[in-house]
1. For the stretch 118-206, which fully contained helices (runs of 4 or more DSSP H) count at least 1 residues that are outside the structural domain of Ala60 (by TED's automatic domain parsing) and in contact with a Lys or Arg (Cβ under 7 Å, 6 or more places away or on another chain)?
2. Mind checking which residues of the stretch 263-289 are over 17 Å from Gly150 (Cα atoms), assigned to a helix (DSSP H, G or I) and among the hydrophobic types (A, V, I, L, M, F, W, C)?
3. What are the residues in the stretch 240-257 that are small (Gly, Ala, Ser) and in a helix (DSSP H, G or I), if any?
4. Being part of a helix (DSSP H, G or I), within 30 Å of Ser117 (Cβ to Cβ) and free of Cβ contacts under 8 Å to residues at least 60 places away in the same chain narrows it down to one of Ala398, Ala368, Ala349, so name that one.
5. Pick from Val32, Val37: which is at negative phi, over 21 Å from the mean Cα position of the chain (by Cα) and modelled with pLDDT of 70 or more?
6. If you go through the stretch 259-278 one residue at a time, how many are under 14 Å from Gly141 (Cα atoms), in contact (Cβ under 8 Å) with a residue 12 or more places away in the chain and under 22 Å from the mean Cα position of the chain (by Cα)?
7. For the structure I just gave you, tell me whether Leu260 is buried (at least 18 other Cβ atoms within 10 Å of the Cβ) and in a helix (DSSP H, G or I).
8. For the list (1) touching a Pro at 6+ places or on another chain (Cβ under 7 Å); (2) under 27 Å from Leu69 (Cβ atoms); (3) modelled with pLDDT of 80 or more, I need the number of the one condition that Phe185 fails.
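The values are calculated or read from the model by the stated rules, or taken from the named source; none is laboratory data. These numbers come from a predicted model, not from an experiment. Positions of Cβ are backbone-derived with ideal geometry, glycine not excepted, and every protein chain shown enters the neighbour counts.
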Amino acid sequence: MTPPTGPRRSAVAFIFVTVLLDMMALGLVIPVLPRLVMGFEGGDAQAAAEIYGVMVTLWAFMQFLFSPLIGALSDRFGRRPVVLVSNFGLGLDYILMALAPSLAWLFVGRALSGITSANISTAHAYIADLTPPEKRAGLFGYLGVAFGIGFILGPALGGILGAEDPRLPFWFASGLSLANACYGFFVLPESLPAERRAPFRWARANPLSSFGMLRTHAHLLGLSAVLFLQSLAHIVLPSAFVLYVSYRYGWDERTIGFTLAAVGLGAMIVQGTLIKPAVARFGERRTLLAGLGAGSLGFLIYALAPVPMLFWMGVPIMAFWGMASPALQSLMTGKVAPNEQGRLQGSNASLMGVGSMLGPILFTQAFAYFIGPASPFALPGAPFLLAAALLATAGAIAYRHAR
């Protein structure tokens, strides 16, 4: 198998754009969705916060439930129809949320968004189809760049559009998704030949039984534990970051936004420029271990920094955590057959979905306890200490199973 050239290069570029637009569309609604929920609740911030938390969990649950199904369908019918249908469905879903007349309809929209956003796993399988194992880490790194750009641009643009109308970002997100689906209809080739496809079985599409393939190889099972732990640790940023820096440093929205943008930009630079040379020089295992170590150290600095200047010193260190995911994805895809890539990515997405469901409760409760009167000592950085411990544990497992 040769590296993507010609039509394959165009296909990989389209997958990059697909992930970018999916993440940008998701980021567009982040600043306005809580405000929209608050409007339905008559301005009651406490009630809106509780409802919004349920929405976040619902979105993650749909990802967990449907990612294996979408992965199994892509193994049976090919990647192209799954990617295009998901993009088209996501565009229609944003229209539904833009027009939602009640909270019930907004919940339906978020559930459908979780289902259709599960096509990210198919994007990873598409890359695995087109590239040899030794080239995958670099391309997975480029997908990480797409994630970073989407999460930097999306919330910023969503805030600007939402200032005019809280429903306007949903319309814009719909336009992005539908335009991408139409473009892909003409330029996206199929990456999985018919002779390499696997028959569809409901057992493979079950989010619980789909984990069975992770047990087929001892090292694959160990790597899946690494994936789960680092995915769980990542949830500390969207769930506890704002609470922590507001409480400890008194930061306003502008400072918070600037810092989050710096975190995303740093990860994007690392994934876009350092993954390929790092893997070529040190191998996937050492690159993975270095990324996990940098992430653990970065979270430790976040947790213990008494002043903002020391906190910001952790940002460039944290950026090197971005090397871990592409190296891990490359290691895992090299351990399954070509007709199982979709199933693997579906199982991986379900693992990350479990982390997305557990993380918000785990980290927010840890923060609340250690700043409350019941705590034996004040430790507002407890969520980040917990995240650092999770990554350190992931590193210990990777040291053994990533050989």
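1. Details: elements: 120-130, 133-164, 168-187, 202-205.
Answer list for the stretch 118-206: 202-205.
2. Initial filter on the stretch 263-289 (over 17 Å from Gly150 (Cα atoms)): 273-289.
So of that shortlist, the ones also assigned to a helix (DSSP H, G or I) come out as 273, 275-289.
If the condition is that a residue be over 17 Å from Gly150 (Cα atoms), assigned to a helix (DSSP H, G or I) and among the hydrophobic types (A, V, I, L, M, F, W, C), then Ile275, Ala278, Val279, Ala280, Phe282, Leu288, Leu289 are the ones that fit.
3. So in the stretch 240-257, the residues small (Gly, Ala, Ser) come out as 240, 246, 250, 257.
Once the filter is applied, which keeps residues that are small (Gly, Ala, Ser) and in a helix (DSSP H, G or I), the stretch 240-257 yields Ala240, Ser246, Gly257.
4. Working: Ala398 fails: free of Cβ contacts under 8 Å to residues at least 60 places away in the same chain; Ala349 fails: free of Cβ contacts under 8 Å to residues at least 60 places away in the same chain.
Among Ala398, Ala368, Ala349, only Ala368 is part of a helix (DSSP H, G or I), within 30 Å of Ser117 (Cβ to Cβ) and free of Cβ contacts under 8 Å to residues at least 60 places away in the same chain.
5. Numbers: Val32 fails: over 21 Å from the mean Cα position of the chain (by Cα).
The unique qualifying residue is Val37.
6. Total satisfying the criteria: 12.
7. Details: buried (at least 18 other Cβ atoms within 10 Å of the Cβ): yes; in a helix (DSSP H, G or I): yes.
So Leu260 passes the test.
8. Of (1) touching a Pro at 6+ places or on another chain (Cβ under 7 Å); (2) under 27 Å from Leu69 (Cβ atoms); (3) modelled with pLDDT of 80 or more, only one is false for Phe185: (1).
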